[in-house]
Amino acid sequence: MQLDIVIAFFILGVVVRLLRANVQFPPALYQSLTLFLMLAIGLKGGIALAEHGTWQLLPQSFAVVMFGLILPLLAFPILFYIGQLNREDSASIAAHYGSVSIGTYAVAVALLESRGIPYEPYFPLFVVLLEMPAIAIGIALANGTNKKIDWRKLLHEILCNQGMILMTGALVIGLWAGERAASITPLFKDLFHGALALFLLEMGMVAASRLAQLKQTASFMLAFGIAMPLIGGFLGCLLGIAIGLTTGGAILLAVLGASASYIAVPAAMRVAVPKADHGLSITSSLGITFPFNILVGIPSYVLFTQWLMA
Amino acid sequence: MTEKHLFFSLTVGLVVMALGWALLYLDTIGWGLIAFGVAVTGLGITSWRPSIKSSPLLQSASEGEKIDRKTVS
C-alpha cells in the first residue's frame, strides 16, 4: 500500500521532533488550520446534505448516536479494572475515546478521495453527532465521586466548543446555501489537502513530544491506545455495513469509532471532571492513538472493510 | 506496573501481531501492525517489575529487611 502524501508530512513532524531540530510552528497558524479544517468539513457536509438529505438519515443518525454512547462504556472497564486508574481518569479517558478526532477524519477523507473510494457526502453530520454522547457518558461514569458540577458552564463547553460550533455552523450554512456556496468552495475545497498536510506536520511534532510524558503507566497506556481504536474501528465497520452505508461510509464510521478526541472533549472534561489527570488523556489520544490511526489504523480499516464487503 | 498491566500488554501485543500477520495476506501494511504489536509486547515485558505480593522470594527479602532495620535501630 502506497503511503499517502499527507501522512508523509506527519512522519516529517515526528522526525523533526525526534532530531530536536529547531522548527517552530506558530501556535496561531495551528489554530487557523484547525478552524479551516473544521469549517471545510462542515461546509462540505452541509452542501451534500442539501443535495442528498433524506428521511433515511434519521435511523442512521440514531444508530451513530447509540454507537457514541457504547464506546466509552467499553473503554471504561478496561481503564478502571485492568488499568487500575482512578474513577475520574478512567471516565475522562473513556470520554475521549468515545468521541471523535476531526484530524483523523480529515486524513481518512483525504485517503478515500485520493483512492477514488466513494462515501456518503453528508458524513460530517455523523461527525457532529458523535462528538457529544461520549461526553455525557464520561460525566455519568465520573459522577460516582464528583457530584458538584457547574452544569451551565459544562453545557456551554459541550455545545459551544470550537469543534461543535464551527462544524455545526458550517454544516447549517452549507445546507442553507446549497449550490450558492460554489463561490467560496475554491478556498475550502481546493486548499483542503494542502492545509491538512501543514496541520499534520504540527501534529507529528506534538505527538512525538507527548510520548515522553506517559511515565509509569506507559506500557498499559500504549496497549490501551492501540487496542481501543482496533475495537472501535471493528465495531464501526460492522455498524456501517449494518445500517447500509457504502464501503467508503463504513470505512469512515470505522475511523470515527477508532479515533479519540483531543479538541472538544478535553475542554468539556476540564469543567466536568476537574480532578482527572487531563495530561494523561490527551497524551494517550494524541501521542498514541492519533499516530497509530494515521500510520497503520486507517489503511488497515480500509483493507478490512473492503475485504468484508467484497 | 502490575501483573494485570503485563497480562493486558501481552494480550494486546500478541493480538495486534496476529492481526498484522493476517493482514499481510492483503497488503504490506500488516508489517506496521506487527511493529506496533512488538512495541506493545516489548514495553510490557521491559517495564514489568514483580510486585512484592506476587513473589514469595521478594516478600521474604522485604520482611528480612524490616527485621534488619528493627535490629539496627
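Here, each number is a calculation from the coordinates, and none is a lab measurement. This is a predicted model, so every value here is computed, not measured. FYI the Cβ positions are ideal-geometry reconstructions off the backbone, even for glycines, and counts take in every protein chain you see.
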Exercise. Of the residues that make up the stretch A:99-106, is at least one touching a Phe, Trp or Tyr at 6+ places or on another chain (Cβ under 8 Å) and hydrophobic (A, V, I, L, M, F, W, C)?
Worked result: yes
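Residue-by-condition table, conditions (1) within 11 Å of another protein chain (Cβ to nearest Cβ); (2) buried (at least 24 other Cβ atoms within 10 Å of the Cβ):
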site	(1), (2)
A:253	no, yes
A:275	no, no
A:281	no, yes
A:284	no, yes
A:300	yes, yes
A:307	yes, no
Exercise. Counting just the residues of the stretch B:30-45 that are within 10 Å of the chain's Cα centre (by Cα) and more than 8 Å from chain A (Cβ to nearest Cβ), which one comes out nearest to residue A:310 (Cα to Cα)?
Worked result: B:41
Problem set entry | Selection within the stretch B:16-29 - more than 22 Å from residue A:211 (Cβ to Cβ), at the interface with chain A (Cβ under 8 Å from one of its Cβ atoms) and assigned to a helix (DSSP H, G or I) | B:19, B:23
